[in-house]
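First the structure, in the form of structure tokens, and then the observations on it.
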Amino acid sequence: MSEMKRHTVERSSADREIVISRVIDARRELVFAAFTEVRHLSQWWGPEGFTTTTRAFEFRVGGAWEFVMHGPDGTDYSDWITWTEIIPPARITMLHGEYRDDPNAFESVLTFAPDGETTRIEMLTVFPTKELRDEAIEKFGAIEGGQQTLASLAGYVTEMASKGSDS
């Protein structure tokens, strides 16, 4: 793809995107592993004050994670994720909605870049429309919630690393 064409493609989704990143004080293999098993995800997934109950989980391309996020105010949010690409320990691409075949589902691409003993994680989320992106930001606090989620991930894997755990 030519440089000009790639720039046009990237710009065409800019008004539908949210990008959140964080440097985590742990090796990328450990940060990546925190996404691969329910026992890890249940410890850190979601913004501050949220807990997660998993209904089904299969971490593989085409596999799904069905779960309920319990908000601090008692509100339950049904969620469904299917993984569309897994490249250990560098990248995970997933489709995230309220349920299978949700027409408002959005795609997230997680990249894990090593930087010495730390890892830079970037979460690029692309919504089907600008309106859905704006609603996620305004109604659901998607940017702050994403930052809190990555902060929770950072705390979890940093603790794992200090204990010498590899998975």
| field | Qualifying trypsin sites (Lys or Arg not before Pro) for the stretch 32-71 [loop in DSSP, other Cβ within 10 Å: at most 14] | value | Arg60
| said: Give me log10 I(q)/I(0) at q = 0.21, 0.24 Å⁻¹ for the stretch 109-164, Debye formula, one equal scatterer per alpha-carbon, no solvent. | reply: -0.87, -1.00
| request: Just need the relative contact order of the chain here, percent rounded to a whole number, with Cα pairs under 8 Å and 6+ apart. | output: 29 percent
| note | Checked against the structure, the computed semi-axes √(5λ) of the Cα gyration tensor in Å among (i) 30, 20, 14; (ii) 24, 21, 16; (iii) 37, 17, 11 is the one labelled (ii)
| query | Where only protein heavy atoms count, and the probe is 1.4 Å, what is the accessible area per residue for the stretch 113-167 in Å²? | reply | 56 Å²
| Rounded to a whole number, what % of the accessible area of the stretch 1-125 do carbon and sulfur atoms account for, probe 1.4 Å? | 49 percent
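The values are calculated or read from the model by the stated rules, or taken from the named source; none is laboratory data. Being a predicted model, the structure only gives us computed values, none of them experimental. All Cβ positions, glycine included, derive from the backbone under ideal geometry; neighbour counts span all protein chains shown. Protein only, heavy atoms only, side chains kept; ligands, DNA and RNA dropped before computing areas. Shrake-Rupley method; radii C 1.70, N 1.55, O 1.52, S 1.80 Å.
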